[in-house]
1. Considering only region 84-97, I want to know if a residue exists there that is out of contact with any helix residue (DSSP H, G or I) (no Cβ under 7 Å at 6 or more places or on another chain), β-branched (Val, Ile, Thr) and in contact (Cβ under 8 Å) with a residue 24 or more places away in the chain.
2. Residues to consider are 75, 8, 58; find the one that is out of contact with any helix residue (DSSP H, G or I) (no Cβ under 6 Å at 6 or more places or on another chain), closer than 17 Å to residue 118 by Cα and in contact (Cβ under 8 Å) with a residue 12 or more places away in the chain.
3. Which one of these does residue 57 not meet: (1) within 23 Å of residue 106 (Cβ to Cβ); (2) surrounded by 12 or more Cβ atoms within 10 Å (Cβ to Cβ); (3) within 14 Å of the chain's Cα centre (by Cα)?
4. Can you tell me which residue is surrounded by the fewest Cβ atoms within 10 Å (Cβ to Cβ) among those in region 103-123 that are free of Cβ contacts under 8 Å to residues at least 24 places away in the same chain and closer than 17 Å to residue 33 by Cβ?
5. Taking only pairs six or more apart or across chains, which ones have beta-carbon atoms under 8 Å, a first residue in region 32-45 that is surrounded by 10 or more Cβ atoms within 10 Å (Cβ to Cβ), and a second residue that is among the hydroxyl-bearing types (Ser, Thr, Tyr) and part of a helix (DSSP H, G or I)?
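Where a number appears in this text, it was derived from the coordinates with a stated rule and is not lab data. Since this is a predicted model, take the numbers as computed values, not measurements. Note that we place each Cβ from the backbone using ideal geometry, even for glycine, and neighbour counts take in every protein chain shown.
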Amino acid sequence: MIRAYLFFNAALYVLFSAWCTFAPDKTAAGIGLAFRSGSGRSEYITVYGGLQLAMAIFFGIAGLRSEFRVAGLIFALCLYASLVAFRLATIATIPGLDRMTYFTGGLELVLGAAAAVLWWRRA
């Protein structure tokens, strides 16, 4: 089950990486960002494309190699716990959020809860 979870994360981040890399204006606008210069576009593609690809690769390796599965699960727990904590704080304190913010937060919450369940079940 952990293996499937890690592969799901890998696939998800490959898709997000490609989407953000090849449609940066659309994806940035979808989350309320706009580019003021080429540097902004470069930063967005690097972080939203490159970093998400790195995460996909790590999740993929962790899914393929049994000795990395626990590390992959720990990474997922740290990743989603942090994202959910910050997401909830911003939802509680920042007005005027778009639906995409809530959708993304819901996805992070589900992925984090799944990682927690898998962590406790593996023990």
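1. Within region 84-97, none of the residues are out of contact with any helix residue (DSSP H, G or I) (no Cβ under 7 Å at 6 or more places or on another chain), β-branched (Val, Ile, Thr) and in contact (Cβ under 8 Å) with a residue 24 or more places away in the chain.
2. One residue alone meets the criteria, 75.
3. (1)
4. The residue in question is 103.
5. If the second residue must be among the hydroxyl-bearing types (Ser, Thr, Tyr) and part of a helix (DSSP H, G or I), the pairs left are 32/101; 33/44; 35/44; 45/21.
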